[in-house]
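Reading through the structure tokens given below for one structure.
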Amino acid sequence: MGSSSTVQASLSGVTRVYPAGGAGKPVHALGPIDLELRAGEFFSVVGPSGCGKSTLLDVMAGLAPPSSGTIAFEGKPVRGQVPDGIGVVFQEDASFPWLTAYDNAAFAARQAGLPENEVRARVEHTLSFMGLMPFAGAYPAQLSGGMRQRVCIARTLVTRPRLLLLDEPFGALDQQTRLLMGDELLALWRETGATVLLITHSLDEAALLSDRIGVMSARPGTFIDLVETGWPRERDSRIVSRPEFGELTGRIWAGLRDQSMRALAAAR
Ligand SMILES: Nc1ncnc2c1ncn2[C@@H]1O[C@H](COP(=O)(O)OP(=O)(O)OP(=O)(O)O)[C@@H](O)[C@H]1O
Ligand SMILES: [Mg+2]
């Protein structure tokens with residue numbers, strides 16, 4: 001990966017505090033976070049529930065302002081809106097039930113004002129790449145959960161993001177489907193050359209897919225470990241049978257166990 005040392009996105013001293021609402025006190029959800037994402041890398045974020053992962057994604061995408069610190073994407077400050085070149089797939093299934101898979105996939109590209117022939121070319125390419133072409137005319141309710149999630153990913157991919165932010169995209173799927181979707185995500189990452197930031201609660205998924213894994217503390221989430229996996233770019237889910245895979249998940253869990261217990265205790 002020749003360009004892997006180029007910094008594509010950077011966060012410096014980023015925090016996010018949600019203001020007090022109703023009866024509550026302000027919630028310090030995140031940070032301070034310092035992170036440099038390398039162009040083209042596959043970076044996963046794991047951390048206890050509620051530690052601020054989705055908040056991190058929101059501030060990186062410009063969807064929520066940081067309370068302090070700065071975020072830059074390709075050298076320009078991120079604020080107020082999603083920068084051109086960043087694509088987001090949210091934690092919940094955000095497919096539009098009233099649109100077919102095709103029209104869902106075309107949505108963001110049409111919003112961006114691309115001419116219809118360009119939209120069609122991109123949608124057809126993306127849907128066939130994701131194995132959705134036979135279902136182009138189906139509505140989300142007629143698709144499985146995994147297919148709906150693929151529709152959401154396709155919708156984002158059609159805009160050709162250089163940085164793809166994914167928040168638990170396979171959260172609702174069974175283990176086998178997750179592994180296969182992971183393989184698809186790897187293929188897509190190789191094909192597009194995009195940088196991927198994947199939030200996941202699955203340690204296996206993080207260890208399997210990533211070049212680097214950021215392990216977060218309990219809320220307010222900060223990075224307590226950055227793990228380099230050393231996997232080759234050509235890889236797939238068969239990596240789970242390698243001894244290094246077990247060592248990796250062991251190291252990630254060693255950092256997380258304590259944090260997850262803290263998060264549980266704080267919630268009691
Ligand atoms: N809009 C909001 N207003 C107030 N507090 C919020 C808001 N969104 C999130 N929080 C709080 O910020 C903290 C971090 O939430 P966030 O959704 O970022 O966690 P997470 O790591 O993504 O959790 P999960 O793994 O369960 O998805 C939580 O304590 C949550 O209650
Ligand atoms: Mg979340």
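The values are calculated or read from the model by the stated rules, or taken from the named source; none is laboratory data. Please read these numbers as outputs of a predicted model, since none were measured by experiment. Don't worry about glycine lacking a Cβ; one is built from the backbone with ideal geometry, like all the others, and counts go over all protein chains shown.
Structure data summary
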| item | result |
| --- | --- |
| Residue ID - farthest from ligand 2 (Cβ to nearest atom), chosen from residues in region 201-230 that are of a type in the set (D, E) and part of a helix (DSSP H, G or I) | D204 |
| Among the candidates S49, S4, residue that is within 18 Å of the chain's Cα centre (by Cα), modelled with pLDDT under 95 and not in a strand (DSSP E or B) | S49 |
| Single residue of L173, L166, L180 found to be under 20 Å from F73 (Cβ atoms) and aliphatic (A, V, I, L, M) | L166 |
| Test: residue in region 79-90 that is touching a Phe, Trp or Tyr at 6+ places or on another chain (Cβ under 7 Å) and either farther than 30 Å from P220 by Cα or of a type in the set (A, V, I, L, M) (or both) | yes |
| Test result for A61, surrounded by 14 or more Cβ atoms within 10 Å (Cβ to Cβ), within 16 Å of ligand 1 (Cβ to nearest atom) and farther than 29 Å from R262 by Cβ | no |
| Residues within region 174-202 that are among the aliphatic types (A, V, I, L, M) and under 22 Å from C51 (Cβ atoms), tallied | 4 |
| Test for E116: is it among the charged types (D, E, K, R), within 16 Å of ligand 2 (Cβ to nearest atom), surrounded by fewer than 21 Cβ atoms within 10 Å (Cβ to Cβ) and free of Cβ contacts under 8 Å to residues at least 12 places away in the same chain | no |
| Answer residue from region 147-200, given it is buried (at least 19 other Cβ atoms within 10 Å of the Cβ), part of a helix (DSSP H, G or I) and β-branched (V, I, T) and is farthest from ligand 1 (Cβ to nearest atom) among those | V151 |
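Okay, residues lined up against (1) touching a Pro at 6+ places or on another chain (Cβ under 6 Å); (2) part of a loop (DSSP other than H, G, I, E, B); (3) among the acidic types (D, E); (4) free of Cβ contacts under 8 Å to residues at least 24 places away in the same chain:
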| position | (1), (2), (3), (4) |
| --- | --- |
| R79 | no, yes, no, yes |
| E92 | no, yes, yes, yes |
| W98 | no, yes, no, no |
| R120 | no, no, no, yes |
| E124 | no, no, yes, yes |
| S128 | no, no, no, yes |
